[in-house]
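To start, the structure under review is shown below, and the notes come after it.
FYI, it's all coordinate maths here, none of it is from the lab. These numbers come from a predicted model, not from an experiment. Glycine also receives a Cβ, built like all others from the backbone with ideal geometry; neighbour counts cover every protein chain displayed.
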2 protein chains.
Amino acid sequence: MKLAVYVTLKPGVLDPQGAAISQALAGLGFDGVQGVRQGKLIELDLAEEDRDRAVETATRMCEKLLANTVIETYRIEPAEPA
Amino acid sequence: MKLAVYVTLKPGVLDPQGAAISQALAGLGFDGVQGVRQGKLIELDLAEEDRDRAVETATRMCEKLLANTVIETYRIEPAEPA
């Protein structure tokens, strides 16, 4: 089954990519941008079809590889291909 | 208001980051990984409080800066901080 994993920086962690986007948007004439944070979206297609077990596997993947849990948080959702 | 912008590679576009994650997961002993695609999650905080106008502004941001529409697609959703 397909899972979407969203990995975002924890609040308070400096986000230079987000700051760069914010500045670039201002440079393009977009005003009213109060904040930009950039994170990652990882789409997993797993052979496991049981939803709970797939989420559990994805959680272990996040803890071991996909997210740096010191500075990042993650959220796992079934399906939702973008 | 806060918006989440999901930017993903179009189907068929080579995704070396996704392939690297897939290989790394296999190396860690995770089997049954049929596919991994990596995209971006951009959280915008706009001064605009009208939902339709905020989405319209975010759409222009995507077309101009946030997504490379030749190889990427984007999806905009209100709120949902990860």
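Test A:Gly35 against the criterion of being facing another protein chain (nearest Cβ under 8 Å), part of a strand (DSSP E or B), of a type outside the set (S, T, N, Q) and crowded, with 17+ Cβ neighbours inside 10 Å, and give yes or no.
Answer is no for this residue.
Annotation note: of A:Arg60, A:Arg51, the sole residue that is basic (Lys, Arg) and in contact (Cβ under 8 Å) with a residue 12 or more places away in the chain is A:Arg51.
Looking only at the stretch B:38-56, which residues are more than 7 Å from chain A (Cβ to nearest Cβ) and either buried (at least 20 other Cβ atoms within 10 Å of the Cβ) or assigned to a helix (DSSP H, G or I) (or both)?
B:Arg51, B:Asp52, B:Arg53, B:Ala54, B:Val55, B:Glu56 - these are the residues of the stretch B:38-56 that are more than 7 Å from chain A (Cβ to nearest Cβ) and either buried (at least 20 other Cβ atoms within 10 Å of the Cβ) or assigned to a helix (DSSP H, G or I) (or both).
Contact map, the stretch B:13-31: residues that are among the acidic types (Asp, Glu) paired with residues that are assigned to a helix (DSSP H, G or I) and buried (at least 16 other Cβ atoms within 10 Å of the Cβ), Cβ distance under 9 Å, separation 6+ or inter-chain. Pairs shown: B:Asp31/B:Leu25.
Among the residues of the stretch A:1-32, those that are among the charged types (D, E, K, R) and not in a strand (DSSP E or B) comprise A:Lys10, A:Asp15, A:Asp31.
The set of residues in the stretch B:68-82 that are out of contact with any Ser or Thr (no Cβ under 7 Å at 6 or more places or on another chain) and within 17 Å of A:Tyr6 (Cβ to Cβ) comprises B:Tyr74, B:Arg75, B:Glu77, B:Pro78, B:Ala79, B:Glu80, B:Pro81. Using the structure shown, decide if B:Asp15 is more than 16 Å from A:Leu66 (Cβ to Cβ) and of a type in the set (D, E, K, R). It is false that B:Asp15 is more than 16 Å from A:Leu66 (Cβ to Cβ) and of a type in the set (D, E, K, R). Here B:Val7 passes the criteria (1) touching a residue at least 24 places away in the same chain (Cβ under 8 Å); (2) farther than 17 Å from A:Val7 by Cα except the one numbered (2). Return yes when A:Thr59 is part of a helix (DSSP H, G or I) and β-branched (Val, Ile, Thr) and no when it is not. Against the criterion (part of a helix (DSSP H, G or I) and β-branched (Val, Ile, Thr)), A:Thr59 qualifies.
Residues that are out of contact with any helix residue (DSSP H, G or I) (no Cβ under 9 Å at 6 or more places or on another chain) and more than 9 Å from every other protein chain (Cβ to nearest Cβ) within the stretch A:1-14 comprise A:Lys10, A:Pro11, A:Gly12, A:Val13, A:Leu14, listed in sequence order. Scanning the stretch B:13-22 for residues that are of a type outside the set (A, V, I, L, M, F, W, C) and over 16 Å from the mean Cα position of the chain (by Cα) returns a single hit, B:Ser22.
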